[in-house]
Amino acid sequence: MKTTTRSIRALKGVRPIVCLTAYDAITARLASEGGADLILVGDSVGNAVLGMPDTVGVTLDMMLHHTAAVVRAKPDPVVIGDLPFALAHDSFSKVLGYCRRFLQEAGAQGVKIEGGTRLAPTIAKLVDAGIPVMGHVGMLPQRVHTTGYRRRGLTAEDQAMVLQDARAIEAAGAFAMVLECVDEKLVSAITSQVKIPTIGIGSGQNCDGQILVIHDLLGFTANPPPFAHPEANLHRSAVTALQRWAKKVRTPKTSR
């Protein structure tokens, strides 16, 4: 059964929500058949697929291309597209145009936006325009060049900032939010205080759901982050299969 942003929101307090990234029709089918409730076409495509060192180089056209490929697989999970680096800080008319392209051209059912309190007014306007928004607070990979990759909520001051961001995103009308690399105690407080689902990545088990990059989960990534525990080693399996085939090609056929 096809999930929606409304059905995802309704899962809070009912059962944990399973979320995965996908970047093309193949990974979309895997995520769907594997039982995901939500597929995020993340800007992590830059790291996982395109060979980039981070997500900053990912463009809107790239995201629309990969989102459309995921949608064409007709997966059961709701498909959310990731608004790439810095675009959420443009004028609202431009941001609305970007998000409209995700829904109209790529076929996504919503967008994810990194950022907290300062972006809440933009998110509220998008929701009012009929665009479902998934928030993203805590560590923000798109800001790697200003903040680096660092765990959030380790000091009282930072805890207050992350909690404020989460409350602002909820108040703006987001249907769910990602909490990335946030201290587990703070995650528990946020999850209990907001009425929308919290989806954790590198934030422990106290969220309403979990999300992982599908390549990390399946063992395609050479050096996955420490919080990702692969359930398979498909890189090794694929290399072994290719080596077997290469050996067959190189081995002369026995003459008859």
query = Between R150, R15, R29, which gets the highest mean-square fluctuation from a Gaussian network model of the chain, Cα cutoff 10 Å?
reply = R15
remark   = Here, H235 and E33, labelled 7 Å along Cα→Cβ, have an inter-label distance in nm of 2.4 nm
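What value, in deg cm²/dmol to 500, does the helix sum -39500 (n - 2.57) over DSSP H runs of n ≥ 4 give at 222 nm once divided by the residues of the chain? Let's see the in-between values first.
Details: 11 runs with 107 residues, N = 256.
After summing the helix terms and dividing by the residues of the chain, the value is -12000 deg cm²/dmol.
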remark   = Counting only DSSP beta bridges with both partners in the stretch 5-250, the antiparallel fraction in percent, to the nearest 5, comes to 5 percent
key: Magnitude of the charge dipole, the chain, Cβ model with Lys/Arg +1 and Asp/Glu -1, debye to 20   = 1080 debye
inquiry  = Could you give the length gained by full extension between T155 and R143, i.e. 0.36 nm per residue of separation minus their alpha carbon distance, to one decimal place?
reply    = 2.3 nm
ask   = Among the DSSP beta bridges whose two residues both lie in the stretch 7-111, what percent are antiparallel, rounded to the nearest 5?
value = 0 percent
task = Rank P77, P53, P16 by mean-square fluctuation in a GNM of the chain with C-alpha springs under 10 angstrom and give only the top-ranked residue.
result = P53
task = Springs between alpha-carbon atoms under 10 Å, Gaussian network over the chain: tell me which of E184, E170, E231 tops the mean-square fluctuations.
result = E231
message = Could you tell me how far the Cα centroid of the stretch 91-167 sits from the Cα centroid of the stretch 1-31, in Å?
response = 19 Å
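Got the relative contact order for the stretch 154-256 handy, in percent, Cα pairs under 8 Å and 6 or more residues apart?
Details: 110 pairs, mean separation 16.7, N = 103.
Reported as a whole number, the value is 16 percent.
Bear in mind that the values in this text are calculations on the coordinates, not laboratory data. Computed from a predicted structure; not experimentally measured. With ideal geometry, Cβ positions are generated from the backbone for all residues, glycine too; neighbour counts draw on all protein chains shown.
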